[in-house]
Amino acid sequence: MPTTPRSPRGLLLALCYALGLEPAWFAVALQRQVQDALCRLDAHGVTPVLLCDEAQLAPAAVLDELRLLTNTAMDARCPLALVLAGHPSLRRRLALEALTPLAQRVTVATSLTGLSAAQTADYVAHQLQWAGATRPVFTKEVIQLIAHHSRGVPRQINRLCTSALFAAFAVQQPLVEEPAFRQALKEVPPDSA
């Protein structure tokens, strides 16, 4: 799912459509429909993977519905591989008492760190090459500043680079230098990654 649904019904509807089912009208029937489809797949040796991105934004009711979907056969077997991806606040949310049953089903928990300065430089170079750039676009100093201020978070790297490109364009500079980057910093909030 591109984004985690905002309601249990929205989650079940999205799963129905993903499983190629015509959704039932009533919530209980909809839930049974999804569970039955998952059990049929499991009986054929197929384990669907459900990836919920930005899961830290999911309401508690949606997270509880995910728990229910993984709660079959008295926890002896789970017909669904569930991946919850999100910001560090997701871990804190799962630590809440109301979400303990879901947290207890977590088999592996990991956190990704940001890119190093060298990886950030490689990432920017790759993005520029992919976009068709044939000459340097950022000074080495600006690349170092991007790495530092983005904390290596790709989304923040992209935002800083884009804003710096616009700032350089506004003053008709073909190369993004430190003044344009400083202007970009004013445009991009540091916590927007």
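The values are calculated or read from the model by the stated rules, or taken from the named source; none is laboratory data. Predicted model only: the values in this text are computed from it and were never measured. Backbone-built Cβ (ideal geometry, glycine too); neighbour counts: all protein chains shown.
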Worksheet item: So which residues in the range 123-162 are closer than 25 Å to Pro88 by Cα, surrounded by fewer than 12 Cβ atoms within 10 Å (Cβ to Cβ) and charged (D, E, K, R), if there are any at all?
Response: Arg155
Discussion item. Cβ contacts < 9 Å: first residue without any contact (Cβ under 8 Å) to a residue 24 or more places away in the chain, restricted to the range 107-121; second residue part of a loop (DSSP other than H, G, I, E, B), any location; separation 6+ or different chain. Result?
Written reply: Ser111/Pro88
Worksheet entry | Lone qualifier among Val153, Val106 - being within 30 Å of Leu68 (Cα to Cα) and out of contact with any helix residue (DSSP H, G or I) (no Cβ under 6 Å at 6 or more places or on another chain) | Val106
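Could you pull out every one of the helices (runs of 4 or more DSSP H) wholly within the range 110-193 that has 1 or more residues that are among the β-branched types (Val, Ile, Thr)?
117-131, 140-150, 154-170
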Worksheet item: How many residues are exposed (fewer than 14 other Cβ atoms within 10 Å of the Cβ), under 30 Å from His87 (Cα atoms) and among the charged types (D, E, K, R) when one looks only at the range 1-49?
Response: 1
Item to complete: Just need a number here: residues in the range 97-107 that are at pLDDT 80 or above and surrounded by fewer than 10 Cβ atoms within 10 Å (Cβ to Cβ).
Response: 1
Discussion item. What's the total number of residues in the range 52-72 that are in a helix (DSSP H, G or I) and more than 20 Å from the chain's Cα centre (by Cα)?
Written reply: 2
